[in-house]
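Asker: Have a look at this one before I ask anything.
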Amino acid sequence: MKFETAAGTNPIDRMKVVGRAHTRTDGPLKTTGLAPYAYEHQRDLENVAYGYVVGAAVAKGRVTMIDTTAAKAAPGVLAVVTAADAGKLGKGKFNTVKLMGGPEVDHYHQALAVVVANTFEQARAAAGLVRIDYARGNGRFDLDAALKTAPLTGAEKDDKGEDRVGKFESAFASAPVKLDAEYTTPDHSHAMMEPFASIATWNGDALTVWTSNQMIDWGRTDLAITLNMPKEKITFLSPYVGGGFGGKLFLRSDAVMAALGARAAGRPVKVAMSRPFMANNATHRPATRQRIRIGATQDGTITAIAHESGSGDQPDGGPEAAVLQTNLLYAGANRLTSMRLAVLDLPEGNAMRAPGEAPGLMALEVAMDEMAEKLRMDPIAFRVKNDTQVDPKDPKRKFSQRQLVRCLTEGAQQFGWSRRNATPGQVRDGRWLVGMGVASAFRNHMNMPSGARVRLGRDGVVTVETDMTDIGTGSYTIIAQTAAEMMGVPLETVVVKLGDSSYPVSAGSGGQFGAANATAGVYAACVKLRDAVAQRLGYNSADAVFDGGKVTSGNRSATLRQAASAGELVAEDKVEFGDLDKTWQLSTFGAHFVEVGVNAYTGAIRLRRMLAVCAAGRIINPTTARSQVIGAMTMGVGSALMEELAVDKRFGFFVNHDLASYEVPVHADIPHQDVIFLDEADDKANPMKAKGVGELGLCGVGGAVANAVYNATGVRIRDYPLTLDKYLDRLPAVA
Amino acid sequence: MRAFTYERARDAGAAARAVAANPSAKFIAGGTNLLDLMKIEVEVPTHLVDVQDLGFDKIEATRDGGLRIGALVTNTNLAADARVRRDYGVLTRAIVAGASGQLRNKASTAGNLLQRTRCPYFYDTNMACNKRRPGSGCAAIGGYSRQLGVIGVSDACIATFPGDMAVAMRVLDAAVETVDGTGARRSIPMADFHRLWGDRPDQDTVLKQGELITAVTLPKPLGGKHFYEKVRDRASYAYALVSVAAVIQPDGTGRVAFGGVAPKPWRVEAADALLPRGAAAVTARAFQGATPTKDNAFKLPLATRALASVLAEAKA
């Protein structure tokens, strides 16, 4: 199905199943431990051996000697694989740095060897016996130093890294009210609960891998490239994923090490990354250095806006696209955005939940707050005044839907924004200084082709097969809802099978594109299945109504079971997209409201309440969507208040590489959270009329927290995370 | 983790003798810290002597009106004990400010005192660390030191003792009772139990190899108001940036010890005497001679502000 014109009325609009709150269909499996995660498939296999990865002890340099004699002689050891005996390995399309190092070392904890043994404990103990000598090289680990000579670099290969509209410099120079401020965001770790894990088993030249990956086809393709083997020979399975946040978008070393280990040992091998390995072996969200300039007239009309960002990555990597939302979020005749990319020898930077927008809005939304204050305007009024319904660069291009203003104003109403004291540092509750903050939320919607196969069994059960993944997001549930709505059956009559490379290729999970595109692909397959059912029954497909487990056409009616009585019906299709996303700007919008308390003595920041209002097209399932948004808000609190991979610029690694030292929010950090979804259906997006919310819920949260802290204390902090060492000396004296 | 042998001791003397006889043997009780360190080969004992069956799990009144806390009393049970909550509130508050419910259920009183530093360089065996490998150097000096010590540290090590319970015990003038392989017993004041690093940061405490903690004693109750103010980057399950354990009497006198700043719970009795003059006077004396890094210099004003918070609450 090619989606080229705006969707008309279709069976999804009935919203008998879609749009209704359903708890997760996979919930009981997960709460009872019956959903097998990547590391747990030994129930399907016999004789599984264990692999343990040895990582580089230096960040840059060369292995001069690697001695595996003691490891190989250790109890239970079956094989030790290093680059020297792995055979020639390719590098996948999606990973910047090769997943097995040696003799060259590209970053700290890059995998250099895998030790395979009968038990996990034997493999781990033997891994400690691999002796490696290095010639340490000179690495580039200091982002600020490297940015001094870093070139402009775009997000895509043909972008020059700078985007201009009008004449920013002169407009800014002549603006009566101006802000010029710098903001920093640190490196972030995905820190998902389930670490990278894979089990690999060979059958002749065919490889089966159970893994934890968001994008089945990308992972399978890159594994084939890495191992120099045909993709068709790989079965790549990831039915359950314990969180990914973008860290599992791409093939990682666990799958490669498991495959190499299994080949060497002649047995199935399972590999899981140990937690202390996760920060440096994996990818991370790169740190940014951002400068924002805003010029406005006295009435608060933005006349000039510039957002420049610098980040670093390994050679051939990409920039953290922190400025892109600034091209679209607010009006202003004269505009400049640019990105610089420095080369660093820290671990590979790559996508983490809402790449670009997450750190970009942490800066932009504080700048908007600062500017509103200079203008003596309410920060919501300032944002409303500068709303735009068109792409500022190309005013003929409208947003397909844009309800940012409604998100802000309805949120203000719900949150009690009118009770906010505009003068900072005035509200006190015992030892606590109390403040409120707001930020706009913005995240683009992306179209991705997505396929599915749908079966109608003789028992009337509808089975959906697609390589879509459920990374804790609710894919199983919303896909079942889509098929149930399309086929006119109860949710319980639908079986959903995901995460298997033998199923049609889907959008996968990432960039908040999963839910809308994957369900649109299921929609397309169901349209075909409906045709097949009608044809089997001799009905006219165009007027067949699927409802209540029956198909009705005129005065004829049959159950789905009757339709399939002569044999299973199978249909496969995918959704593909025309250029509606060029004609229209497809984006999602929201507003985040935060109230914080700041301990007047110690500076400790504690959240008091949060609200997100989201306008993101049709919400397929309010329960799973809300779960995505409150999780994203929690991640936003983490990035605002505590998350930071600490860089040791001497040795070139992230020092705090475990969950004791890389802090993420705990339950006690997260108070009352509310989420409101505006009633929307975006007919330019896809036949589901849905977009995404999983990243929108994160975009802007950090800015809202920082603005609330300012409102509470009168102290403006432009460097994340807002840890008390950055502002203690600016709080009022107490002793 | 390296392979090790394991025995479950039946009596304290045998346990002490077994560990005394083998320089790379260790006691294990709850194992909440030791096992984690063994997994990453920061600790590599060749033999473990499990002391969990030795009793030592009671909290009893002492003749002089105090309490004797068995070495194996769990953190949860110690914090929940009615006598402790009534008479030694600072101790309950300190314990529940630490770790998580699950860890406190497993962790023992003695083990809590013996927990090792959380310096990230100590945790990474690729990095030089005089505490982990004597003579190898200290990667933390000149590195990421935001969590590390500001006073009592040395050129060989700038790590801190990370615990909370011991900070309260220091304010209460607790003592650690031990027995060794010869059957000799001694009582070590909490003030002397943890060492300053000097040039031997590998030695956290004054215990000899094979010396087994049997109990911690608390003198008779001090009265006054009890406080444990722990400042950290998140609301729970994090080590202190700075913590303040204090017992303040109605007349404004009292005692105070600081956590998260030094190789041991940091209490300077001469600074206690300045409590009636306010937080700044106390910390000026308590942190005299401090040698913070650029990353952790904030701990000094933070200590003052945290104590000021306690003193304001004491007056309220």
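The values are calculated or read from the model by the stated rules, or taken from the named source; none is laboratory data. All values reported here derive from a predicted model rather than from experimental measurement. Every residue, glycine as well, gets a Cβ built from its backbone with ideal geometry; the counts of neighbours run over all protein chains shown. Surface accessibility is based on the protein's heavy atoms, side chains included, excluding ligands, DNA and RNA. Shrake-Rupley method; radii C 1.70, N 1.55, O 1.52, S 1.80 Å.
Asker: Please list 3J(HN,Hα) in residue order for the range A:343-354, calculated via the Karplus relation 6.51 cos²θ - 1.76 cosθ + 1.60 where θ = phi - 60°; whole Hz, with x for glycine and proline.
Answerer: Once θ is set to phi - 60°, the couplings for the range A:343-354 become 8, 10, 9, 6, x, 4, x, 6, 5, 9, 2, 6 Hz.
Asker: If you don't mind, another one. Per Stokes-Einstein, at 4 °C and 1.567 mPa s, what whole-number D in µm² s⁻¹ belongs to the range A:132-257, with the Kirkwood radius over Cα pairs as the hydrodynamic radius?
Answerer: 67
Asker: What lysines does B:LYS208 reach when the alpha-carbon gap must be under 28 Å and sequence neighbours fewer than 8 apart in one chain are set aside?
Answerer: B:LYS26, B:LYS39, B:LYS58, B:LYS106, B:LYS131, B:LYS264
Asker: For chain A, what does the helix formula give at 222 nm: sum of -39500 (n - 2.57) over DSSP H segments with n ≥ 4, over the residue count, nearest 500 deg cm²/dmol?
Answerer: That comes out to -7000 deg cm²/dmol.
Asker: On average, how much area does the Cα convex hull of the range A:626-735 cover when viewed from any direction, in nm²?
Answerer: With the hull built on Cα positions only, its mean projection is 10.9 nm².
Asker: Over the range B:1-121, what number does the Rg to Rh ratio reach, with both radii from the alpha-carbon atoms and Rh per Kirkwood? Intermediate results must be reported in sequence, preceding the final value.
Answerer: On the way: Rg = 15.7 Å, Rh = 15.6 Å.
For the range B:1-121, the value is 1.01.
Asker: Right, next: Could you state the orientation-averaged shadow area of the convex hull built on the Cα atoms of chain A, in nm² to one decimal? It would help to have the intermediate numbers written out before the result.
Answerer: On the way: hull surface 132.7 nm².
Mean projected area for chain A: 33.2 nm², to one decimal.
Asker: What is the diffusion coefficient of the range A:257-328 in µm²/s, taking the Kirkwood radius over Cα pairs and the Stokes-Einstein relation at 37 °C with a viscosity of 0.692 mPa s?
Answerer: Here the translational diffusion coefficient equals 196 µm²/s.
Asker: Determine the per residue accessible area of chain A with all protein chains present and a 1.4 angstrom probe, expressed in square angstrom.
Answerer: On the way: 25620 Å² over 735 residues.
Ligands and nucleic acids excluded, the figure is 35 Å² per residue.
Asker: OK, next. Residues of the range B:279-316 losing 30 Å² or more of accessible area relative to the isolated chain, 1.4 Å probe, heavy atoms only?
Answerer: Residues of the range B:279-316 that lose at least 30 Å² of accessible area once the other chains are added: B:PHE298, B:LEU302, B:ARG305, B:ALA308, B:SER309.
Asker: Output the antiparallel fraction of DSSP beta bridges having both residues in the protein assembly as shown, as a percent to the nearest 5. Could the numbers behind the result be given before it?
Answerer: Working: 136 of 176 bridges.
The antiparallel fraction comes to roughly 75 percent.
Asker: Provide the packing ranking of A:540-551, A:301-312, B:232-243, i.e. peptides ordered by the mean count of other C-beta atoms within 10 Å per residue, highest first. Intermediate results must be reported in sequence, preceding the final value.
Answerer: Numbers: A:540-551: 15.7, A:301-312: 25.4, B:232-243: 22.0.
Most protected by this proxy first, the peptides run A:301-312, B:232-243, A:540-551.
Asker: Residues of A:220-232, mean number of Cβ from any other protein chain within 10 Å of their own Cβ, rounded to a whole number?
Answerer: Working: counts 0, 0, 0, 0, 0, 0, 0, 0, 0, 0, 0, 0, 0.
The per-residue average across the peptide is 0.
Asker: For the range B:65-177, restrict the atom set to alpha-carbon positions and state the Rg and Dmax in Å.
Answerer: Expressed in Å, the Cα Rg and Dmax of the range B:65-177 come to 16.3, 50.
Asker: How many Å² of accessible area per residue for the range B:198-273, probe 1.4 Å?
Answerer: Numbers: 2520 Å² over 76 residues.
Accessible area per residue: 33 Å².
Asker: Name the most mobile residue of B:ALA303, B:ALA107, B:ALA273, meaning the one with the largest mean-square fluctuation, in a Gaussian network model of chain B with Cα contacts below 10 Å.
Answerer: Top of the fluctuation ranking is B:ALA273.
Asker: What translational diffusion coefficient, to the nearest whole µm²/s, does the range B:155-260 have by Stokes-Einstein, given a Kirkwood radius computed over alpha-carbon pairs, a temperature of 10 °C and 1.306 mPa s viscosity?
Answerer: 102
Asker: Do any residues of the range B:224-252 lose at least 50 Å² of accessible area when the full set of protein chains is present rather than just their chain alone, and if so which, with a 1.4 Å probe?
Answerer: B:ASP233, B:ARG234, B:ALA235
Asker: Take the cross-link list A:LYS167/A:LYS374; A:LYS528/A:LYS691; A:LYS374/B:LYS230 and give me the ones stretching past 29 Å between alpha-carbons. Provide the component values of the computation, followed by the final result.
Answerer: Working: A:LYS167/A:LYS374 23 Å; A:LYS528/A:LYS691 23 Å; A:LYS374/B:LYS230 37 Å.
Table pairs above 29 Å Cα-Cα are A:LYS374/B:LYS230.
Asker: In square angstrom and rounded to 100, what buried accessible area do you get between chains A and B, total over both, with the probe at 1.4 Å?
Answerer: 3100
Asker: Across the residues of A:646-654, average count of Cβ atoms on other protein chains within 10 Å?
Answerer: Counting other chains' Cβ atoms within 10 Å and averaging over A:646-654 gives 4.
Asker: Further question: Determine the alpha carbon to alpha carbon distance for each of A:LYS497/A:LYS684; A:LYS157/A:LYS231; A:LYS16/A:LYS233; A:LYS248/A:LYS497 and list only those over 30 Å.
Answerer: Among A:LYS497/A:LYS684; A:LYS157/A:LYS231; A:LYS16/A:LYS233; A:LYS248/A:LYS497, the Cα-Cα distance tops 30 Å for A:LYS16/A:LYS233.
Asker: While we're on this one: So what's the net charge close to A:LEU227: Lys and Arg +1, Asp and Glu -1, counting the other residues with Cβ under 15 Å from its Cβ?
Answerer: +4
Asker: In whole percent, and with a 1.4 Å probe on the protein chains, what portion of the accessible area of the protein assembly as shown is carbon and sulfur?
Answerer: Answer for the protein assembly as shown: carbon and sulfur cover 50 percent of the accessible area.
Asker: Then there is this: For the range B:209-225, just list the computed ³J(HN,Hα) in residue order, Karplus coefficients 6.51, -1.76 and 1.60, θ = phi - 60°, integers in Hz, with x standing in for Gly and Pro.
Answerer: Result, ordered by residue: 3, x, 7, 9, 6, 10, 6, 10, 9, 10, x, 4, x, 8, x, x, 9 Hz.
Asker: Can you work out the base-10 log of I(q)/I(0) for the range A:1-123 at q = 0.14, 0.17, 0.18, 0.22 1/Å, using the Debye formula on its C-alpha atoms alone?
Answerer: The calculated log intensity ratios at q = 0.14, 0.17, 0.18, 0.22 Å⁻¹ are -0.81, -0.98, -1.05, -1.26.
Asker: Using only the alpha carbons of the range A:551-696, determine the length spanned along each of the three principal axes and report them from longest to shortest in whole angstroms.
Answerer: Principal-axis extents of the Cα atoms in the range A:551-696, largest first: 77, 38, 37 Å.
Asker: Where a ≥ b ≥ c are the square roots of the eigenvalues of the C-alpha gyration tensor, would you call chain B rounded, which needs a/c under 1.5, or, failing that, prolate if a/b is larger than b/c, or oblate?
Answerer: Working: a/c = 1.88, a/b = 1.19, b/c = 1.58.
Taking the square roots of the gyration eigenvalues as a ≥ b ≥ c, chain B is oblate.
Asker: Sort A:631-642, A:722-733, A:169-180, B:93-104 by the packing proxy (mean of other Cβ within 10 Å over each peptide's residues), most packed first.
Answerer: Numbers: A:631-642: 26.1, A:722-733: 17.2, A:169-180: 15.6, B:93-104: 20.2.
The densest-packed peptide leads the list: A:631-642, B:93-104, A:722-733, A:169-180.
Asker: From other protein chains only, count the Cβ atoms within 10 Å of every residue's Cβ in A:572-582, then give the mean. The partial results should precede the final answer.
Answerer: On the way: counts 0, 0, 0, 0, 0, 0, 0, 0, 0, 0, 0.
For this peptide, the per-residue mean of nearby foreign Cβ atoms is 0.
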